[in-house]
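Let me begin by presenting the structure, written as structure tokens, before commenting on it.
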Amino acid sequence: MGTLETLYCLRCNRELEAGHKSVAVYMFAQTVGIRPRQKSAAQRICFCPQCSVSLALGPPPEGALNIAAWKMIRDLVSTDPALNEAAWESLRGVVGYLPTGEDDRGLRIASGGGYFEF
Ligand SMILES: [Zn+2]
């Protein structure tokens, strides 16, 4: 804790700088009914606001763990519009960076994974 690690959105691989708006999913495993009780290190998985909203609005993913994470993110997205607003904020930011030339990297980032299809 407290270390400055670079985090990337699990879905679109966008770099999430410290202090940027994102959704973090923490996960750890713990033994139950077994002595001594063991607890794994916690893993942190991050999603940028757009991917969070897009995931929440999309169909449930495959796999029990994915569904558990999807339900949690869905919960966040549906409870308060703040996350949606953050997604739109950063979407406007991405649009502002769209290149006009041959390089379509910006476009690929904006449409990576097929989120926010218009
Ligand atoms: Zn993302």
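For region 1-23, a residue qualifies if it is modelled with pLDDT under 90 and either more than 16 Å from the ligand (Cβ to nearest atom) or among the hydroxyl-bearing types (Ser, Thr, Tyr) (or both), and the qualifying residues are MET1, GLY2, THR3, LEU4, GLU5, THR6, ALA18, GLY19. Scanning region 1-26 for residues being outside any loop (DSSP other than H, G, I, E, B), hydrophobic (A, V, I, L, M, F, W, C) and exposed (fewer than 14 other Cβ atoms within 10 Å of the Cβ) gives a total of 1. Scan region 8-26 and give yes if some residue there is among the β-branched types (Val, Ile, Thr) and more than 13 Å from the chain's Cα centre (by Cα), otherwise no. Looking for residues that are among the β-branched types (Val, Ile, Thr) and more than 13 Å from the chain's Cα centre (by Cα), one finds none in region 8-26, hence no. Screening ASP75 on (1) at pLDDT below 55; (2) under 27 Å from GLY19 (Cβ atoms) shows it passes everything except condition (1).
Of all the numbered requirements in (1) outside any strand (DSSP E or B); (2) touching a Phe, Trp or Tyr at 6+ places or on another chain (Cβ under 9 Å), ILE34 misses one, and that requirement is (2). Only residues that are without any contact (Cβ under 8 Å) to a residue 24 or more places away in the chain and either near the ligand (Cβ under 10 Å from one of its atoms) or not in a loop (DSSP other than H, G, I, E, B) (or both) were counted across region 48-64, and they come to 3. Quick check: anything in region 79-95 more than 15 Å from the ligand (Cβ to nearest atom) and part of a strand (DSSP E or B)? The answer is no; no qualifying residue exists.
The values are calculated or read from the model by the stated rules, or taken from the named source; none is laboratory data. This is a predicted model, so every value here is computed, not measured. Positions of Cβ are generated from backbone atoms using ideal geometry, with glycine treated the same way; all protein chains shown enter the neighbour counts.
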